[in-house]
Amino acid sequence: MKKRFNFLAVFTVAMLLVMPLFSVPTIVNAEVITEFLSDDLLTDIPNVSAAATTQTALSIKAKSTVLMEPHTGKVLYEMNADEQLAPASITKIMSLLLVMEAIENEKLTLATKVSCSEHAASMGGSQIWLEVGEEMTVDELLRASVIASANDATVALAEAVSGSEEAFVVLMNKRAKELGMKNTTFKNACGLDEDGHLTTGRDVAIMASALIKHSLIKKYSTVWMDALRNGKSELTNTNKLVRYYNGATGLKTGTTSKAGCCVAATAERDGMELVAVVMGGENSNERFTGAKKLLDYGFANWSFTVLTPDIKDIESIPVLKGMEKQISVDLGGGEVKLLLPKGKQDEITQTVEINENIEAPVLVGDVIGSVKFMLDGKQIGELPLYSANEVERVTFLNAFGLIFTSATKP
């Protein structure tokens, strides 16, 4: 009995010492809630009922939501889309866009080494604890910024692009205006709470749409777990949709006490991409559940339809004053790709319009008409029709030549 008691005592003490190593730390009255303190990263997303994805009004506990198709810019769903709110770390979407553009313009490469400044090392919130003078490549800093939402890494990248965070912020606001982000003002590169640092759900969707057009970003935003410093610094993606949502491609989360829980989520299915933005979520799980509802709604109710003209009934087109009386029609390989509510593609009609009184000369590739696509009484697309062959204009000499040739035939 004595030996058994000693074993139990030792086991109990050992468990008390080890358990804190696996617990999630809690910060009381912290001004900034870092991304690393999301206590639900390893928890699956609650299922959304089928009814919730088909009704007009989605029940999402957040201050603002937007669902956008990034290539057309069409907003498929919105709620308080233009309310100015603190964005937290989804600010990094603009920072990452500028880094992608700097790489594209060969100002930086993924192998470029960046030395951490004192300013970058001083960032609070989510970080990888860069030390002053520590060097990392752009690739490593991108992994830290995108996957772990590291503020120090993002500011280091900003300084690599513009020399200082202040100069980079000027560039951020300039690019926002160019993209048509009408209600956004950036004050810093990483998203820490600051007076006047504001954006909207619509503007976030616009800059997210611009970012995902750079395929390189998905090299980082689709990674669930990674490591830096030879495995000593582990990275876990703050966006758990990457792990649990079918087709997820990114993109960025954000959490501060002022902003609440935010996410700009991107996903792709059947050739259609969507951007879902949730700002001011009540908690971390609500932002992901809300984003999932938006994405489910989009994929359930919208799709791209490719329209090609039906011209099988158009055999040839008459030509006036030509050496030949008719020309053939060519589509030129054209097609119209439209984002439409599912089921609407069967209601599309086409109207063929041919130019009146086509006169020679006609060259191959000349536009001779068009096909217009109509839906609910409105034109939704148009494609030109081209001449498939050449027709010379009749002149005295070539007309005489024809007559002479005909007359001398046996």
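Brief remarks follow.
- Candidate set: region 148-160, residues that are surrounded by 24 or more Cβ atoms within 10 Å (Cβ to Cβ) and not small (Gly, Ala, Ser); chosen: the one farthest from residue 123 (Cα to Cα): 157
- Within region 364-391, considering residues that are in a loop (DSSP other than H, G, I, E, B) and touching a strand residue (DSSP E or B) at 6+ places or on another chain (Cβ under 7 Å), the one nearest to residue 329 (Cα to Cα): 388
- Test: residue in region 213-221 that is free of Cβ contacts under 8 Å to residues at least 24 places away in the same chain and within 13 Å of the chain's Cα centre (by Cα): yes
- Of everything listed in (1) in contact (Cβ under 8 Å) with a residue 60 or more places away in the chain; (2) outside any helix (DSSP H, G or I), the single unmet condition for residue 285 is (2).
- Residues located in region 175-227, provided they are farther than 25 Å from residue 244 by Cβ and of a type in the set (Ser, Thr, Tyr): 184, 185, 199, 200
- Tabulated pairs, region 179-192, first under 14 Å from residue 97 (Cβ atoms), second aromatic (Phe, Trp, Tyr), C-beta under 7 angstrom, 6+ apart or interchain: 189/168
- When residues of region 123-144 are limited to those that are more than 25 Å from the chain's Cα centre (by Cα) and charged (D, E, K, R), the one surrounded by the fewest Cβ atoms within 10 Å (Cβ to Cβ): 131
- Among the residues of region 327-340, those identified as touching a strand residue (DSSP E or B) at 6+ places or on another chain (Cβ under 6 Å) and either within 30 Å of residue 76 (Cβ to Cβ) or surrounded by fewer than 16 Cβ atoms within 10 Å (Cβ to Cβ) (or both) are 332, 334, 335, 336, 337, 338, 339, 340.
- Single residue of region 257-297 satisfying the filter (surrounded by fewer than 22 Cβ atoms within 10 Å (Cβ to Cβ) and of a type in the set (Lys, Arg)) that is farthest from the chain's Cα centre (by Cα): 258
- Selection from region 345-354 of residues that are modelled with pLDDT of 90 or more and either part of a loop (DSSP other than H, G, I, E, B) or under 28 Å from the mean Cα position of the chain (by Cα) (or both): 348
- Selection status of residue 315, exposed (fewer than 13 other Cβ atoms within 10 Å of the Cβ) and part of a strand (DSSP E or B): no
- Any chance residue 189 is surrounded by fewer than 16 Cβ atoms within 10 Å (Cβ to Cβ) and touching an Asp or Glu at 6+ places or on another chain (Cβ under 7 Å): no
- Evaluation of residue 386 against (1) surrounded by 12 or more Cβ atoms within 10 Å (Cβ to Cβ); (2) over 21 Å from residue 312 (Cβ atoms); (3) modelled with pLDDT of 70 or more (one fails), failing number: (2)
- Taking the criterion of being closer than 17 Å to residue 87 by Cβ, small (Gly, Ala, Ser), in contact with an Asp or Glu (Cβ under 9 Å, 6 or more places away or on another chain) and at pLDDT 95 or above, the only residue of region 268-300 that qualifies is 280.
- Condition met for residue 182 (loosely packed, with under 14 Cβ neighbours inside 10 Å, part of a helix (DSSP H, G or I), basic (Lys, Arg) and out of contact with any strand residue (DSSP E or B) (no Cβ under 6 Å at 6 or more places or on another chain)): no
The values are calculated or read from the model by the stated rules, or taken from the named source; none is laboratory data. Just so it is clear, the structure is predicted and the values come from calculations on it, not from any experiment. Glycine also receives a Cβ, built like all others from the backbone with ideal geometry; neighbour counts cover every protein chain displayed.
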